[in-house]
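The values are calculated or read from the model by the stated rules, or taken from the named source; none is laboratory data. Small disclaimer: the values here were computed from a predicted structure and weren't measured. When we count neighbours, we look across all protein chains shown, and the Cβ atoms used for this are built from the backbone with ideal geometry, even at glycine.
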Amino acid sequence: MPTICDKKDTTASSVFQPAALLREARRQKGLTTVDVPAVCILDPDGDIVRRLRQDSRSLPFDAWPCYHTRLDTFSLAGRTVGIVGCAVGAPFAVLIAEELFVSGCRLMLSLTSAGQITRSGPTPYFVIIDRALRDEGTSYHDAPAAEFADAEVQLVATASKAMSAHKPHCVVGSSWTTDAPFRDYGCIDESEAELASCVVSRC
């Protein structure tokens, strides 16, 4: 095992807390604490965000304290949904996801595009990611060493069932991730079991 795995207590709480980061951001920006929508979307490509703004279908969420991103809201199926564009790369995306979770988000979806190594049929289609191959890095500090970061099984099954009646075609499959400052994509802390994240890639 690499030395990065030595003397690690992966059950210990992180000293780097997203709530503390946002607390200080609010203090510096003079913002009050306002919950974000319960459902939020990460749009790493930014295509959805740009289209919503172009069509005047979204509004900025002015109370969002993050230094690096803008949170917009829009109406989807009668519900107000939050969306953050251009959160590219797992470390940055998970940082934003954690900030959303401590700000009131209960379900976070990441909708992005990806290439394919093994074809699952003609494109376009969507992949609901059930596990991600972990690259060596910071996640060894807060998650036991393992080859994959696994998504919550029931969440994957629920997403797959919900998508089965829609087009384009949707499959369940694996992906690859770089490491995150809090935890890998697909790993949910047991203390936050009521929170859920699901990653969907468009091929």
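Quick notes
- Selection status of GLU152, modelled with pLDDT of 80 or more, within 17 Å of the chain's Cα centre (by Cα) and among the charged types (D, E, K, R): yes
- If the condition is being out of contact with any helix residue (DSSP H, G or I) (no Cβ under 8 Å at 6 or more places or on another chain) and modelled with pLDDT under 80, then segment 122-136 contributes ARG134, ASP135.
- Checked against the criterion of being within 30 Å of ASP135 (Cβ to Cβ) and touching a strand residue (DSSP E or B) at 6+ places or on another chain (Cβ under 8 Å), the candidates ARG50, ARG57 yield just one match: ARG50.
- If you go through segment 17-39 and keep only what is loosely packed, with under 13 Cβ neighbours inside 10 Å and assigned to a loop (DSSP other than H, G, I, E, B), you end up with GLY30, THR32, THR33, ASP35.
- Top-ranked residue in segment 40-65 [being within 18 Å of SER110 (Cα to Cα) and in a loop (DSSP other than H, G, I, E, B); ranked as modelled with the highest pLDDT]: GLY46
- Meets criteria (under 28 Å from LEU21 (Cβ atoms), small (Gly, Ala, Ser) and either over 14 Å from the mean Cα position of the chain (by Cα) or modelled with pLDDT under 95 (or both)) for ALA114: no
- Top-ranked residue in segment 87-102 [being touching a Ser or Thr at 6+ places or on another chain (Cβ under 8 Å) and either closer than 19 Å to SER175 by Cα or of a type in the set (S, T, N, Q) (or both); ranked as surrounded by the fewest Cβ atoms within 10 Å (Cβ to Cβ)]: GLY89
- The residues on offer are ALA165, ALA149, ALA87, ALA145, and the sole one that is farther than 30 Å from LYS29 by Cβ, touching a helix residue (DSSP H, G or I) at 6+ places or on another chain (Cβ under 8 Å) and in a loop (DSSP other than H, G, I, E, B) is ALA145.
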